[in-house]
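Novice: Sharing a structure, written as structure tokens. Questions coming.
Each reported figure results from applying straightforward, stated rules to the coordinates on display, with no laboratory input. Just so it is clear, the structure is predicted and the values come from calculations on it, not from any experiment. Cβ: placed from backbone, ideal geometry, glycine included. Neighbour counts: every protein chain shown.
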């Protein structure tokens, strides 16, 4: 039987690349279902064995937390790390969340869809940098959206 959700509470915060602040938010804001984070911190998680490097390749990522599903756009290179992340409380796991990179593909925008009561819903997390690149991208692609 599909999960039905009558109310979804969201929280949004720019964390200025502070992983401690992300951990605090994920620990304290448990009454929220969805948390939008802008400017997440990227750090090395651990080393992955490699045939070409005896020290291994460093795996870089954002904060993960046991009660939250982490949604982030895959990055193409180190200078293109995404600037937005969405955390979904595991209570909503059955709503079938999915990143929609095929619709919007920008490091400052994350579009996620989910199903509730046989309807599709959309969530969008946007980081507005000094050059307003996300807003310009949305304006330029509005015909496609």
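Novice: Taking the beta-carbon count within 10 Å as an exposure proxy, list 102, 80 from fewest neighbours to most. Don't jump to the answer; show the numbers that get you there.
Specialist: Details: 102 7, 80 11.
Taking fewest neighbouring Cβ atoms as first place, the list is 102, 80.
Novice: Between residue 93 and residue 11, what is the spin-label point distance in nm, taking each point 7 Å from the Cα along the Cα→C-beta axis?
Specialist: With each label point 7 Å from Cα toward Cβ, the separation is 2.1 nm.
Novice: Over 13 Å apart: what share of the alpha carbon pairs of the stretch 56-125 falls there, rounded to a whole percent? Show your work: numbers first, answer last.
Specialist: Details: 1619 of 2415 pairs.
Percentage above 13 Å: 67.
Novice: What ranking of 91, 107 emerges when the number of other C-beta atoms within 10 Å of each C-beta is taken as an exposure proxy, fewest first? Write down the numbers at each step before the final one.
Specialist: Details: 91 12, 107 19.
Final ranking by Cβ density, sparse to dense: 91, 107.
Novice: If I model a spin label at residue 113 and residue 55 as a point 7 Å from the Cα along the Cα→Cβ vector, what separation in nanometres do I get?
Specialist: The modelled label-to-label distance comes out at 4.4 nm.
Novice: Turning to a different aspect of this structure: Under 11 Å from a point 7 Å along the Cα-to-Cβ line of residue 19: which residues of the stretch 33-49 have their amide N that close?
Specialist: 41-46
Novice: Right, here's the next one. Given that compact globular proteins tend to follow 2.2 N^0.38 Å, what is the ratio of the alpha-carbon Rg of the chain to that value? Intermediate values should be presented prior to the final figure.
Specialist: Details: Rg = 16.5 Å, N = 145, 2.2 N^0.38 = 14.6 Å.
Ratio of Cα Rg to 2.2 N^0.38 Å: 1.13.
Novice: Something else now. Most exposed first by the Cβ proxy, i.e. fewest other Cβ within 10 Å, how do 71, 115 rank?
Specialist: On the way: 71 19, 115 15.
By the 10 Å Cβ count, ascending: 115, 71.
Novice: Taking Cα pairs under 8 Å and at least six residues apart, what relative contact order does the chain come out at, in percent?
Specialist: It comes to 20 percent, rounded to a whole number.
Novice: Quick one: of the DSSP bridges fully inside the chain, what percent are antiparallel, nearest 5?
Specialist: Taking every DSSP beta bridge with both residues in the chain, the antiparallel ones total about 85 percent.
Novice: Compute the Cα gyration tensor for the stretch 20-100, then decide on rounded, prolate or oblate, letting a ≥ b ≥ c be the square roots of its eigenvalues: rounded whenever a/c is under 1.5, prolate when a/b is larger than b/c in the other cases, and oblate in all that remain. Can you show the working numbers first?
Specialist: Details: a/c = 2.03, a/b = 1.90, b/c = 1.07.
Prolate, because a/c is 1.5 or more and a/b exceeds b/c.
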